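The values are calculated or read from the model by the stated rules, or taken from the named source; none is laboratory data. All figures in this text were calculated on a predicted structure; none of them were measured in a lab. Cβ coordinates were reconstructed from backbone atoms using ideal geometry, including for glycine residues, and neighbour counts include every protein chain displayed. These area figures cover heavy atoms from the full protein model, side chains too; ligands, DNA and RNA do not enter into them. Shrake-Rupley method; radii C 1.70, N 1.55, O 1.52, S 1.80 Å.
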Amino acid sequence: MANTLAELDALVIGAGPGGMSAALYLGRLNRSVLVVDSGRSRALLIPLSRNHPAFPEGIEGGELSRRMRRQLQNLRIAIVAEAVSQVRNDATAGFIVDYAGCHVRAKNVIVATGVEDNLPPIEDAERLTRSGHLRFCPICDGYEIAGRPVVIIGTTEGAASEAGFLRSFTREITIVTLGERTNFSAATMSRLIADGVALRREKLTGCVRREKGTVDLVMNASPTMTGVVLYSALGIRPRSELAKQLGADLEEDRRIKVDAHQATRVPGLYAVGDVVTGLNQLGVSMAQGEIAAVAVHNRLRQMQES
């Protein structure tokens, strides 16, 4: 390797809310810590979260990230803007983390790599996400629907479950399959019918942004769906490869399996945030980062005492 850095108490992979919370706590616990981040935090796509406590007017995901980065800067905790290429077990140091021609030795690693949403086949889907016209989290913003019509893109039981959840906020719900076959069970189909959820199988030919976060969906050879709130329920891809390579167990959804202290079965390896199975919320991710940081601190104390 071209460069070797001093051994760290902990290295955090990912500078989303969970990873930065972990780094913040470790820094305040007087632990040496470095954050390595590829710049792909899902939180950066949030146009405005009104669901996060202590922000009565809401907060944009990028602004939340900037505030947390300033906190880390105040503690002189560095965030390296690179992607981690490999993490290896090391008999003496714990782990060796490789990125951009460097390797870092760390006694503990906290994986906060998050997930990627499977975007629908809509032109500029990421731009629509950033502007709040394409949504993924009814827990985060279902309250803002305020009775308006909702369209869910999806074909799976997950899409049907999301339709059921959204009935708390509106009664006008349509599942759009974009020409794909559905995978609903007979019981699920009966429940959708009973709940008044409509099903449209036409392909989409256009998506036009409208005011107040709504869109018009132009469907193939059928009427346009105007002024709808658009959700995607096409699933996620957990970024759990590094943890798996180290021997961590994965859940059925391929997210990382952890205990109550955010620890994997690999000693010194922790995971927090959306890459861990559970409620994908900013506050949950941050709390998990805090729990992991304290667990790392206590593990280091025990190592020193022994």
- Message: If I compute solvent accessible area with a 1.4 Å probe over the protein chains, what percent of it on the chain is carbon and sulfur?
- Response: 49 percent
- Task: With all protein chains present, calculate the accessible area of Val266 using a 1.4 Å probe and round the result to the nearest 10 Å².
- Result: 20 Å²
- The relative contact order of the range 103-235, taking Cα pairs under 8 Å that sit 6 or more residues apart, comes to a percentage of 29 percent
- Task: Before rounding to the nearest 500, sum -39500 (n - 2.57) across all DSSP H runs of length at least 4 in the chain and divide by the residue total; then give [θ] at 222 nm in deg cm²/dmol.
- Result: -8000 deg cm²/dmol
- Task: Select from the range 230-306 those GluC sites (Glu not before Pro) which occupy a DSSP coil region and have at most 10 other Cβ atoms within 10 Å, ordered by residue number.
- Result: Glu252
- Message: Pairing rule first: another cysteine's C-beta must sit under 4.7 Å. Under that rule, which cysteines of the chain stay single?
- Response: Cys102, Cys207
- Gln302 versus Arg171: modelled label distance in nm, points set 7 Å from Cα along the beta carbon direction: 5.5 nm
- Cleavage-rule hits (trypsin sites (Lys or Arg not before Pro)) in the range 199-239: DSSP loop, at most 13 neighbouring Cβ within 10 angstrom: Arg210
- Query: Based on the Cβ-Cβ distance from Ala287 to Ala93, what FRET efficiency comes out when R0 is 51 Å, to the nearest 0.05?
  - Reply: 0.95
- Might you work out the accessible area of Phe169 for me, using a 1.4 Å probe with all protein chains in place, and round it to the nearest 10 Å²? 60 Å²
- Message: Let me check I've understood the local charge: for Thr156, count other residues with C-beta under 12 angstrom from its C-beta, Lys and Arg +1, Asp and Glu -1. What total comes out?
- Response: -2
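To the nearest 0.05, what FRET efficiency results for Leu199 and Arg254 with a Förster distance of 45 Å applied to their C-beta separation?
0.95
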- Task: Compute the relative contact order of the chain as a whole-number percentage, counting only Cα pairs closer than 8 Å that sit 6 or more residues apart in sequence.
- Result: 21 percent
- Message: Need one value: the accessible area of Tyr25 in square angstrom, 1.4 angstrom probe, rounded to the nearest 10.
- Response: 80 Å²
- For the chain, how big is Rg over Rh, using alpha carbon atoms and the Kirkwood form of Rh? 1.03
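Quick one: order Ser21, Ser161 from most to least accessible surface, probe 1.4 Å.
Heavy-atom accessible area, descending, gives Ser161, Ser21.
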- Message: Order Glu211, Glu157 by their accessible area, 1.4 angstrom probe, all chains in place, largest first.
- Response: Glu211, Glu157
